[in-house]
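Contents: one structure, followed by commentary.
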Amino acid sequence: VCRDLRGVAQATNNKRAYSMLFEMLYPACFPVFTRAAEAFFDDPDVITSLLKFLQEFVNNKAQRVNFDNNSPNGILLFRETSSILVAYGSRILHHPIQTANPYKERYKGIALTLLTMTVALTGNYVNFGVFALYEDKALENALQVALQLILSVGLEDVLSFPKLSRHYFSFLDVLFRNHLPFVAAKDTGTFMNLMNVLHEGLQALDPPMSTHCASAIDYLASYLFINRDKDWQSLHMLQAHVAQDPSLLPKLTQTLFTQLLFGPYSNHWSVTRPMLSLMMADESSFTSYRQHLISTQSPENQQKLNEAFTKLLADVARNLEPTNRDRFAQHLATFRQSVRAFLTY
């Protein structure tokens, strides 16, 4: 049934067709979907069909999920999505792998769960602030289960399965983009685990993966810099997490510059994006890396490198406005080209 419904959902490419399908399924069918997730969470064939349908149904392609201004349907759709994903995720977390095919038995369902969360969170048909305002736990529960699923998968396994890694890092990108207060509310150990994952993914040779990681780091650094004078609880919690490991931001800065100077050109654009925000959030990290890199060069190259760093920072203001970001990105491209001609490593 879910396979057939997925095919129907794929064919609804406009608001009118999608609304007809939504009215047919809601509210009568969604309790059945939730019950199926509860009963068949350990049956890969059933749960894969269910999650593939759900991912297609919440995907706002061609702006088809477009309810009227006075309609609560967007919120209701996410609540039902949350209910299904929590029903599955909370159970598969505690279910041990029992076959020789961990991807089919466990990781495929986790990948589909993360993909469904990603498309639902980026569909632009839900005002997620409503959930906190009315103390509705649907968003918090869905995010919590998704985060637990991420932390339950070892990084080695993530990198071993391309589809899992793609949805894994894509969700982290969205999580850091739109839900940093949720991340900030976690304990320092959880926060550091996430940062370690992003740091490892940043060094991956797969450009989409490193792009998602760089984007997530950029959102974090931008949040810390732009809101540095705000009296927000989420900001204070993030600052406290970062303070627990003084090497965190310097390590990220060093990795980004290493990728820029010695990594493949395909990763160039992705690694340049968080560099300015990291410099703004922690200027001492950049200064330390600059001094360290210069100290590793011959006297002749030290002067050249120092001049290159000076040109890199020329006309760069202390803000994260789009024009300033673009200017810095252009300077980074020039910096990379000029420094690689003489730098020794």
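The values are calculated or read from the model by the stated rules, or taken from the named source; none is laboratory data. As the structure is a computational prediction, the values presented were derived from the model and not from experiment. Here Cβ is always computed from backbone atoms with ideal geometry, including for glycine, and neighbour counts include all displayed protein chains. Each accessible area value is taken on the protein alone, full model and side chains, heavy atoms only, with ligands, DNA and RNA left out. Shrake-Rupley method; radii C 1.70, N 1.55, O 1.52, S 1.80 Å.
Report yes if Phe41 is at pLDDT 95 or above, among the aromatic types (Phe, Trp, Tyr) and part of a helix (DSSP H, G or I), otherwise no.
no
Have a look at Leu155, Leu235 and point out the one that is under 29 Å from Val119 (Cβ atoms) and open to solvent by 10 Å² or more (accessible area, probe 1.4 Å).
On the way: Leu235 fails: open to solvent by 10 Å² or more (accessible area, probe 1.4 Å).
Leu155 is the lone residue from the list that is under 29 Å from Val119 (Cβ atoms) and open to solvent by 10 Å² or more (accessible area, probe 1.4 Å).
So how many residues does the range 51-72 have that are over 24 Å from the mean Cα position of the chain (by Cα), within 21 Å of Asn141 (Cβ to Cβ) and open to solvent by less than 40 Å² (accessible area, probe 1.4 Å)?
Going through the range 51-72 one residue at a time, the tally reaches 0.
What is the one condition in (1) closer than 15 Å to Asp43 by Cβ; (2) open to solvent by 20 Å² or more (accessible area, probe 1.4 Å); (3) modelled with pLDDT of 95 or more that Ala87 does not satisfy?
(2)
Inside the range 49-94, can you point out the residues that are more than 17 Å from Phe33 (Cβ to Cβ) and touching an Asp or Glu at 6+ places or on another chain (Cβ under 9 Å)?
Ile75
Among the candidates Leu320, Leu293, Leu260, single out the residue that is of a type in the set (A, V, I, L, M), touching a residue at least 60 places away in the same chain (Cβ under 8 Å) and part of a helix (DSSP H, G or I). Please lay out each step first, then the result.
Working: Leu320 fails: part of a helix (DSSP H, G or I); Leu293 fails: touching a residue at least 60 places away in the same chain (Cβ under 8 Å).
When all the criteria are applied, what remains is Leu260.
I'd like to check something: does the range 119-139 contain any residue that is open to solvent by 50 Å² or more (accessible area, probe 1.4 Å), assigned to a helix (DSSP H, G or I) and either out of contact with any helix residue (DSSP H, G or I) (no Cβ under 9 Å at 6 or more places or on another chain) or more than 25 Å from Leu5 (Cβ to Cβ) (or both)?
Within the range 119-139 (the criterion being open to solvent by 50 Å² or more (accessible area, probe 1.4 Å), assigned to a helix (DSSP H, G or I) and either out of contact with any helix residue (DSSP H, G or I) (no Cβ under 9 Å at 6 or more places or on another chain) or more than 25 Å from Leu5 (Cβ to Cβ) (or both)), the answer is yes, since at least one residue qualifies.
Count, please, the residues in the range 166-208 that happen to be assigned to a helix (DSSP H, G or I), open to solvent by 20 Å² or more (accessible area, probe 1.4 Å) and among the hydrophobic types (A, V, I, L, M, F, W, C).
Within the range 166-208, residues that are assigned to a helix (DSSP H, G or I), open to solvent by 20 Å² or more (accessible area, probe 1.4 Å) and among the hydrophobic types (A, V, I, L, M, F, W, C) number 2.
A quick yes/no check of all residues on (1) touching a Leu at 6+ places or on another chain (Cβ under 7 Å); (2) of a type outside the set (Gly, Ala, Ser); (3) surrounded by 13 or more Cβ atoms within 10 Å (Cβ to Cβ); (4) modelled with pLDDT of 95 or more:
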site	(1), (2), (3), (4)
Leu260	yes, yes, yes, no
Gly263	no, no, yes, no
Asn267	no, yes, yes, no
Ser270	no, no, yes, no
Ser277	yes, no, yes, yes
Met280	yes, yes, yes, yes
Gln297	yes, yes, yes, no
Glu300	no, yes, no, no
Ala314	no, no, no, no
